[in-house]
Amino acid sequence: MKIVVISPSARSLETIGAYLREEAAGRDIVLAEGGMGKLRAVAEQQRPDVLIVDGMCRDVEELGPLEYVTIHHPRTMVVMLCSNHTPEFLINAMRAGVKEVLPAPATRESLRAAIARIAAKQGAGQARPPGQILAFIACKGGSGATFLATNLGWQLAAAGESVLLIDFNLQFGDAVLFLHDRKPEQNLADVARNVQRLDASLLAASLVRVAPNYGILAAPEDPGQAMEVKPEHVDALLGLAVANYRFVVVDVGRILDAVTLRVLDKADRIFPVLQTTLPFMRDANRLLTVFRSLGYAAEKIGLVVNRYEKSGDLTLADVERTLGIGDIRTVPNSYAAVAAAVNRGTPIAKVARGNPVARAIEDFAQPLVPQPEAAAGWLERLLKRA
Ligand SMILES: Nc1ncnc2c1ncn2[C@@H]1O[C@H](COP(=O)(O)OP(=O)(O)O)[C@@H](O)[C@H]1O
Ligand SMILES: [Mg+2]
């Protein structure tokens, strides 16, 4: 269970935090300093099971953000801590969907009892699992990382999943151009600048929508804007992203700076993309060495050899031996079809369906998407048992 406490007072935040750590040990507890203006963003970035709102019980007019949270995130139970409130306020708070109003300053006992009541009510419901973060990184420029990231996103969306692609190539990001031909109105730097009030609707409004369930957050427009994106923005943005999208595909730059490392840390899988010539292999080796020194598990890394040709100078076995990694994914070379897709800003699945590259991307997506139970399951089960 995740509990978030929001209060304009750092002191009461500290006290409530200390009580919760004692009385609700084992829970994930986050403390956020701020008032009603910050409430919606905190709720949407953190997606808590319990949101404790302290010191905001004066004005009935101010209950708007609270009502928004209870309507749009019914899994989040809101508890208010109030020192003096009018009966009118109490009625309006309940109308706004607040589950409990407790006296402030809070006591250990009242907090423990409220959390226990909510835990008992929530016990039956299962929380929605967070989305998966899939990171693509080029071992060397021109590997095909952006092409594969954008087109895999398309394939996952075509399978009915909600997909967000974030272009973290802060200096020369170009992901949008692979699927779209217009200039984005908003980008990652705008989102970083507004991170204090970032919520699901602001994020959605900042995307270039390439399909109803596939949005792209474009890279900053110039290096000046790029400097506005800081590692702490990554946490807020990815937290919100996984709470709202089933797949979060990230295209990251090759420069391993603080932002890139923060993104890679948060990724569930990292797909380094290379080709089978020596300069790519050398840089792939360096990248894998860095990943090992960062303590990334071997299962987190999924090497992709792009533009693979069986008759090439270096074979897949050479790559496996040199890099010490088995189980490498390959995507064939198909210059004309890929160039046509890229030049038109259209997914390859649309331009050249059935092309070997399009099929390889389908195969890439397929195991990532949970498969529904087979319709004829009972017969299969019967045969298996026999
Ligand atoms: N499988 C492929 N077959 C042929 N050409 C490809 C393939 N994948 C990528 N390309 C070409 O390589 C170019 C560079 O790809 P890009 O995704 O921008 O690389 P990166 O992001 O790694 O720098 C693309 O514009 C595309 O034309
Ligand atoms: Mg790229």
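The values are calculated or read from the model by the stated rules, or taken from the named source; none is laboratory data. Everything numeric in this text was worked out from a predicted model, so none of it was measured. Note: ideal-geometry Cβ built from the backbone for every residue, glycine included; neighbour counts use all protein chains shown.
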query: Wholly within segment 72-160, which helices (runs of 4 or more DSSP H) include no fewer than the required count, namely at least 2 residues that are over 20 Å from the mean Cα position of the chain (by Cα)?
result: 87-95, 108-122
query: Does at least one position in segment 137-156 carry a residue that is more than 14 Å from ligand 1 (Cβ to nearest atom), under 27 Å from ARG246 (Cβ atoms) and either out of contact with any helix residue (DSSP H, G or I) (no Cβ under 9 Å at 6 or more places or on another chain) or without any contact (Cβ under 8 Å) to a residue 40 or more places away in the chain (or both)?
result: no
field: Residues being assigned to a loop (DSSP other than H, G, I, E, B) and either within 25 Å of LYS230 (Cβ to Cβ) or not hydrophobic (A, V, I, L, M, F, W, C) (or both) - total across segment 161-182
entry: 11
- request: Determine which single condition GLU109 fails, assuming it passes every other condition in (1) of a type outside the set (Ser, Thr, Tyr); (2) farther than 30 Å from GLU299 by Cβ; (3) crowded, with 21+ Cβ neighbours inside 10 Å.
  value: (3)
Residue among VAL305, VAL263, VAL319 that is β-branched (Val, Ile, Thr), assigned by TED's automatic domain parsing to the domain that holds VAL242 and closer than 25 Å to GLY354 by Cβ: VAL305
message: Every residue in segment 164-219 that is within 16 Å of ligand 2 (Cβ to nearest atom) and of a type in the set (Gly, Ala, Ser), please.
response: GLY173, ALA175, ALA218, ALA219
Residue count, segment 161-200 (criterion: within 18 Å of the chain's Cα centre (by Cα) and away from ligand 1 (no atom under 16 Å from the Cβ)): 17
message: Pairs please, first residue from segment 42-53 and over 14 Å from LEU237 (Cβ atoms), second anywhere and of a type in the set (Phe, Trp, Tyr) and assigned to a helix (DSSP H, G or I), Cβ atoms under 9 Å, 6+ apart in sequence or on different chains.
response: ALA43/TYR68
query: On the given criteria, is TYR19 surrounded by 14 or more Cβ atoms within 10 Å (Cβ to Cβ) and without any contact (Cβ under 8 Å) to a residue 40 or more places away in the chain?
result: no
